[in-house]
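None of the figures in this text is laboratory data; all of them are computed from the coordinates on show. Quick caveat: nothing in here was measured; it's all calculated off a predicted structure. Don't worry about glycine lacking a Cβ; one is built from the backbone with ideal geometry, like all the others, and counts go over all protein chains shown.
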Amino acid sequence: MCIGIRNLVLLLDPGKILIGGGVSFNGDIFFDTLLKRMEGKLIRTKADISIQPVTFHENATIMGTLTLVLDKVLNLELSN
């Protein structure tokens, strides 16, 4: 998973990584381990990227769709 995340960060240059699904329900056990294993895997300019669980759970699809609509239709800058 760390290699996949590293490749996505280098390819897409996101400001933040959100992880959802079943693994996100494992909480600190999963994310602490992931962050420890990610240390040293990213170049220095990307080393401070935030990796967080998705908090929308069953509403994730609705929230993602709403974000895309607001971004495309209203031309709002919603990403940080």
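Starting from residues that are on the phi > 0 side of the Ramachandran plot and not in a helix (DSSP H, G or I), keep the ones in the range 16-71 and report whichever is surrounded by the fewest Cβ atoms within 10 Å (Cβ to Cβ).
Narrowing the range 16-71 to residues on the phi > 0 side of the Ramachandran plot: 21, 27, 40, 57.
Those left that are additionally not in a helix (DSSP H, G or I): 21, 27, 40.
On the way: GLY21: 10, GLY27: 10, GLY40: 8.
Restricting to residues being on the phi > 0 side of the Ramachandran plot and not in a helix (DSSP H, G or I), the top hit is GLY40.
Each residue in the range 3-43 was checked for being farther than 21 Å from THR55 by Cβ and of a type in the set (Asp, Glu), and 2 pass. Of the residues making up the range 1-15, those that are surrounded by 10 or more Cβ atoms within 10 Å (Cβ to Cβ) and in a loop (DSSP other than H, G, I, E, B) are MET1, ASP13, PRO14.
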